[in-house]
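Each reported figure results from applying straightforward, stated rules to the coordinates on display, with no laboratory input. Since the structure is predicted, the reported quantities are computational estimates derived from the model, not experimental observations. No Cβ is skipped: glycine too gets one built from the backbone with ideal geometry, and neighbour counts run over all protein chains shown.
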Amino acid sequence: MDLIYPLSNDSPTPKVYSASVSGLGAEDPTTVTFTKDAGFPTSFPEWTDAANNVFVKIPTMYRTIDDIADGQITAFTISTAPISEDSQPYSVFVKPNGDVMPYVCIGKYMSTSNTKLNSVAHDDVLLATGDISTMRTAAAANGNGYLQSDWQFNRLLGDLILVISQKVNFQDGAAGISPYLGIDDFANAQGWWLDGVTIENGTYAICYDPAYYVDSATPNTSHYHALSYSGGTAGDIKKLGYDLNNPFCNLCAESVTNTSYNTYYCDQYTVTTTNRPIYTRIGYGTAAAGIWMQLIAAFNTVKTSRLCYRPLSLTI
């Protein structure tokens with residue numbers, strides 16, 4: 001893979017760039033603070049595969065947790081290489097065998113087909129619809145390493161958008177998000193599935209290996225893990241949970257009942273008493289949507305998805 005970051009002083013080691021956020025979870029999101037190296041990437045190269053699927057190619061990113069308060073991460077740093085012993089690669093870059101992949105690819109476009117999920121440019125009116133199982137099967141049909149969007153991709157995407165844009169409130173839709181990563185369809189998408197995560201009676205369950213993703217998982221489903229925190233009641237997201245054993249899955253752990261969606265994380269959370277998959281609406285054109293928006297859906301609720309790719313067969 002070609003180096004994405006420039007070398008420093010002719011050194012064979014790429015220079016490390018980082019971006020940080022602190023004060024997350026504040027009732028007034030305008031008080032959250034940001035810092036970002038001038039060289040931290042704000043866009044990423046496109047990659048087109050043999051089937052003409054178009055992706056945004058993101059090299060391995062690391063997260064360092066700088067502060068935890070009230071059971072949630074309130075400060076963290078994203079970096080292009082480890083900056084301390086606490087730096088961990090985002091889980092989406094880690095193979096089931098523990099090897100770290102040099103990059104992953106997020107579909108630039110939403111799907112135009114629910115029979116062969118793809119990332120080919122399209123007119124917004126042609127957005128595909130399909131249940132989570134149909135979309136999962138269609139994504140995998142593209143070949144080894146292909147999958148529909150999941151909670152691991154979503155965590156990377158949301159964190160990058162946060163530190164690059166340097167703001168918490170994304171109620172302005174695509175104008176506030178699309179320019180940062182070169183990913184299309186934020187404002188007009190119905191929302192896309194987050195595979196590998198489900199909720200049952202308030203308890204979240206997550207899976208790391210896409211080979212074992214299923215529709216109706218419970219905390220007892222093989223290869224799924226129950227998180228140490230539960231979902232809140234429906235409303236405005238107030239708190240994102242932190243599980244020491246599953247640090248990259250930060251979902252709604254507490255909410256406040258109002259309709260303003262302009263406090264704390266500025267996003268909506270819905271709740272269910274049965275087991276359901278989850279989808280999100282990043283940048284959707286509504287006051288309730290944003291990078292943390294979390295909706296609980298019936299299995300056959302019609303939604304779109306996004307094709308992603310992990311180079312599982314690549315040997316480092």
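Couple of notes before you dig in:
- For segment 71-83, 3J(HN,Hα) computed residue by residue from phi via the Karplus equation (6.51, -1.76, 1.60; θ = phi - 60°) reads x, 9, 6, 10, 8, 8, 10, 9, 9, 7, 7, x, 10 Hz, glycine and proline entered as x.
- Based on Cα atoms of segment 67-112, Rg over Rh with Rh as the Kirkwood radius reads 1.08.
- Here K116 is the anchor, and the aspartates and glutamates within straight C-alpha reach of less than 18 Å, apart from those fewer than 8 places off in the same chain, are D49, D124, D131, D150, D195.
- For segment 181-248, alpha-carbon Rg over 2.2 N^0.38 Å: 1.28
- 17 Å Cα-Cα reach of K15 towards aspartates and glutamates, excluding residues that sit fewer than 8 places from it in its own chain: D2, D37
- In segment 77-145, the C-alpha radius of gyration followed by the widest Cα-Cα span (Dmax) gives 16.1, 47 angstrom.
- On full extension, the segment bounded by S313 and T42 gains 94.8 nm, given 0.36 nm per residue less the C-alpha separation.
- Projected label points at S230 and T115, each 7 Å from Cα along the beta carbon direction, are separated by 4.4 nanometres.
- Relative contact order [Cα under 8 Å, 6+ residues apart], segment 33-128, whole percent: 25 percent
- Contour minus Cα-Cα distance for T35 and T129 (0.36 nm per residue): 29.9 nm
- In this structure, the residue pairs whose Cα-Cα separation is over 28 Å, taken from K36/K303; K57/K238; K95/K167; K36/K239; K36/K238; K167/K238, are K36/K303; K57/K238; K95/K167.
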